[in-house]
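Taken together, the values in this text are just the output of simple stated rules run on the coordinates, not laboratory data. Remember, predicted model here, so these are calculated numbers, not experimental data. Backbone-built Cβ (ideal geometry, glycine too); neighbour counts: all protein chains shown.
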Amino acid sequence: MEIEILNWVHETFHSQAWLNYAMKYISMLAAHGEISIACCVLLLIFKKTRRCGLAMAVALVCDFLIVNIILKNVIGRERPWTHDELYWATGEVGFYVQYGIELSTDYCFPSGHTAVTFCAAAVLLIFYKAKAVPAVILALLIGLSRIYLGEHYVTDVVGGIVIGSLCGVTGYYIYRAVECAVLRAYNKNRYKLKTRAFRTRLPRRKIKNNIFF
């Protein structure tokens, strides 16, 4: 069934060269999580957005471990283009050669491109609500591009959406737990720290026997 969907996409849309190139470059935005990592670094630079950046960094680490290290290798689903039914994809004059598309060699469930972008988008939604809608739209386009290019089955992308979003939410709550623990520890010791700092600033008085106190 899913191979039939990919063949239908080929027969319906792949005659449009401009769309093929557009989907290729949209997909490349998340080839190694570049757009999500760049967004995270940008958020970390500015003090106003640093909390979001820290939460996103935690979420991206969760996503990498769960998707790339665990799920892909445990499930071990082969790429669609490894099947003979995708006759148009590979070969010397195939779709991938014609448009210079680099084939992913790892397993395909869930879609890593989709998961990493939805992971970042989920964190942005938590912090910025409606302002993060463009990030969600871009993540959807990246997911669709993976199906369009025949690099993933539909279920790979759906799995990437769900798992990536859960990683984003999980990363946020891990960050919040750490942040709250640090604040509690600081507030608990704040009086002692202030008292110690005050004492070090007290002026010293000199007495006759040259002893300071």
For this session: Within the set of other residues whose C-beta is less than 13 Å from the C-beta of residue 163, count the net charge using Lys and Arg as +1 and Asp and Glu as -1.
Result: -1
Exercise. Sorting 81, 18, 8 on the 10 Å Cβ count, fewest up front, what's the list?
Worked result: 18, 8, 81
For this session: For region 16-24, take each phi angle, set θ = phi - 60°, evaluate the Karplus expression 6.51 cos²θ - 1.76 cosθ + 1.60, and give the result in whole Hz per residue in order, putting x for glycine and proline.
Result: 8, 4, 5, 6, 4, 5, 4, 5, 4
Problem set entry | Sorted by Cβ density within 10 Å, fewest first, the residues 172, 99, 107 | 99, 107, 172
For this session: Determine ³J(HN,Hα), in whole Hz, for all residues of region 120-130 in sequence, where each value follows from phi through the Karplus function 6.51 cos²θ - 1.76 cosθ + 1.60 and θ = phi - 60°; x replaces Gly and Pro.
Result: 5, 5, 5, 5, 4, 4, 4, 7, 10, 6, 5
Seminar exercise, completed: Exposure proxy check on 65, 166: fewest-to-most Cβ neighbours within 10 Å is 65, 166
Exercise. So what's the convex hull volume per residue for the Cα atoms of region 2-173, in Å³?
Worked result: 106 Å³
